[in-house]
């Protein structure tokens, strides 16, 4: 991939496991990051920001904000589709085992996921699924101009897709396949969204299936011949989906779903200084609550698992083992999803927000 618009590669000292040759870990430990010159700051930061929309920081802030400030129904739809699309994309990566673009010629700007395989681009899949699930679901809930919503959905998904090319993490084929797979999944699942909503909210089997099935999928995730972040990231996504699903079901049983009242679709609330202040307060309080939940449950779960398997606390590499990584991440993010969907709105009510 060419970076002539904003980056100029000057040196390259190290390669990853999915490049044209293998690089030993002990050799790479001392390798410096690829050096490059930023020639267009606007494009550089725009693409880095777009790429961040596929990372945990976006999912733990922006998606819950839809639940807290707009409509839990829409957040439920987004979480359900995001979980399905991301699981399928991650599994396809590790079954197909197609490499990421080699370096050189590209400059790779996200080294954390460099050991993952390339096709399909799960960033492209998630951006497409989130954008168009929201676009399809919102008209029945909120009054807005559809053409503006379509423009925003296309713009968001396009920017995320282009960011994967810019950061050197995917080829054009990876991105196109990611978009097409999401589009097919949206088309195939859309007729069943209403039926699934009904089952998820009312069936006594809903919370049981919501916990057991994702945990089973996490443990049966395809094994690789080297450690990759895909299993852990997939467990994280499945845990969030499981926790949110249980929370939505619990809200329904308690008779409070926090959804807009009145005749649907409702008009968008007027943006005043008061609503802006309340929305900002919800964002910070909700985010702090989720991050705090994440840190507490993560710490406790790791301590328990290290004690159970008699692993020294200083053995950081043990976190890569399936018997540690899967239960700790699943417990952590199931708790995060549950707190997001069932507890945070009740905190807002207690605080008068």
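Taking the chain as the reference, fit the longest principal axis to its C-alpha atoms, fit the long axis of helix 122-137 to the helix C-alpha atoms, and give the angle between the two in degrees, 0 to 90, nearest 10. With rounding to tens, the tilt is 20 degrees.
Peptides 74-84, 327-337, 175-185, ordered by how many other C-beta atoms sit within 10 Å of their residues on average, highest first, read 327-337, 74-84, 175-185. The three principal axes of the C-alpha atoms in segment 134-225 carry coordinate ranges of 50, 45, 19 Å, sorted with the longest axis first.
Scoring 242-248, 143-149 by mean Cβ neighbours within 10 Å over their residues and listing the highest first yields 242-248, 143-149. Any idea what angle helix 206-219 forms with the longest principal axis of the chain, computed on alpha-carbon atoms, 0 to 90 degrees, nearest 10? That works out to roughly 0 degrees. Rounded to the nearest 0.05, the FRET efficiency derived from the C-beta distance between residue 212 and residue 307 at R0 = 22 Å is 0.30. Packing, as the average of other Cβ atoms within 10 Å across residues, places the peptides 296-302, 275-281, 231-237, 117-123 in the order 117-123, 231-237, 296-302, 275-281, highest first. The distance from the alpha carbon centre of segment 100-133 to that of segment 225-240 is 15 Å, rounded to a whole number. Divide the volume of the convex hull around the Cα atoms of the chain by the residue count and you get 158 Å³ per residue.
Taking the longest Cα principal axis of the chain as reference, the axis of helix 230-254 is set at about 0 degrees. Each stretch of four or more DSSP H residues adds -39500 (n - 2.57); spread over every residue of the chain, this sum gives -20500 deg cm²/dmol at 222 nm.
Coordinate-derived values only; no laboratory data. Quantities reported herein were computed from a predicted structural model and do not represent experimental measurements. Here the Cβ is made from the backbone with ideal geometry for all residues, glycine too, and neighbour counts use every protein chain on show.
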